[in-house]
Amino acid sequence: MEKGEKESRVRSVARALAILKCFVKPPHQYGITEISEMLKLSKGTVHLLVKTLESEGFLVQIEKTRKYRVGSTACELGVAALGDLRIPARTHLQHMSYDLSMPCYLAIVIGSKAVLIEKAEPVNPFMVVMQIGAIMPYHTSSMGKVLLAYADPEQRDRLINHIDLPAMTPNTITNRELLRKEIEEVAKQGYAVDREETLPGVFCLAVPVRDGTGRVIAALSVVAPSTSLNRDNYWQFLPTLQKYSNLITKDMTHMKG
């Protein structure tokens, strides 16, 4: 390979990485022109690199606005970088799922999204299970609500004011003020519920997971048919979730100590 060609390829890689870094900044959605202006690159160069990143799954174009956001491949890389959390969590999720005979999940915030990073499911799950890397809606999912409730106040307000609130079931909260009240209640009580707000017939319960300093870094949840887990009995499952949340925190602290 000629020296000039090698330098050109290295420069292209550096520019592609610079484009990805743009999406760390709110609102995490940008068009070709905006990226071009931020990086002082020609629109043609940005367009070529963005399309390459899109083809590899690092970026996704939003149909409505034609802007781009981070894609599933970038989320998967983010998840892979979370070994310090996933490793201690995996065994505890497996034990929790065995104890409850229900699917159990762990989610964190990556960029501006609530992303599922670890799971444990019964051998014969009752429903189509969620995959690692799945985006959890902040306004419907119990994990999304927990992560929103304990986010930095500025980020929490920005998300509540700007995220889409599509009605996924008749129970979905689609009013921003009602969502704000719900999130305030989650922060006070220390847990969140999904009352068939994401999927009909499916109830979810989630609690925060903290690091050694007490900062909330993840949400731990259990998912079940509303015939097994519901408004009347979810409180019976809270001690189990809180127990395993504390065990994950304890193991993380020991790993770093």
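The values are calculated or read from the model by the stated rules, or taken from the named source; none is laboratory data. Just so it is clear, the model here is predicted, and its values are computed rather than measured. Every residue, glycine as well, gets a Cβ built from its backbone with ideal geometry; the counts of neighbours run over all protein chains shown.
Picking from THR172, THR213, which residue would you name as being modelled with pLDDT under 95 and out of contact with any strand residue (DSSP E or B) (no Cβ under 9 Å at 6 or more places or on another chain)? Lay out the reasoning, then the answer.
Working: THR172 fails: modelled with pLDDT under 95.
The conditions single out THR213.
Would you confirm, using the coordinates I've provided, whether LYS188 is closer than 30 Å to ILE87 by Cβ, part of a helix (DSSP H, G or I) and in the same structural domain as ARG86 (by TED's automatic domain parsing)? Break it down stepwise before answering.
On the way: closer than 30 Å to ILE87 by Cβ: no; part of a helix (DSSP H, G or I): yes; in the same structural domain as ARG86 (by TED's automatic domain parsing): yes.
Considered against the rule, which asks whether it is closer than 30 Å to ILE87 by Cβ, part of a helix (DSSP H, G or I) and in the same structural domain as ARG86 (by TED's automatic domain parsing), LYS188 comes out as no.
Let me spell it out: the conditions are (1) modelled with pLDDT under 85; (2) farther than 16 Å from ILE163 by Cβ, and ILE110 meets all of them except one. Which number is the exception?
So the condition that ILE110 fails would be (2).
If you go through segment 6-50 one residue at a time, how many are part of a helix (DSSP H, G or I), among the charged types (D, E, K, R) and closer than 30 Å to ASN161 by Cα?
We begin by selecting, within segment 6-50, every residue part of a helix (DSSP H, G or I); these are 6-22, 32-39, 43-50.
Of the ones still in play, those that are also among the charged types (D, E, K, R) are 6-7, 9, 11, 15, 21, 34, 37, 43.
Pick out the ones that are also closer than 30 Å to ASN161 by Cα and you get 21, 34, 37.
Count: 3.
Here is a list: THR73, THR91. Which entry is assigned to a helix (DSSP H, G or I), at pLDDT 70 or above and either closer than 19 Å to VAL24 by Cβ or among the acidic types (Asp, Glu) (or both)? Full working, then the answer.
Details: THR91 fails: either closer than 19 Å to VAL24 by Cβ or among the acidic types (Asp, Glu) (or both).
Just a single option satisfies the conditions, and that option is THR73.
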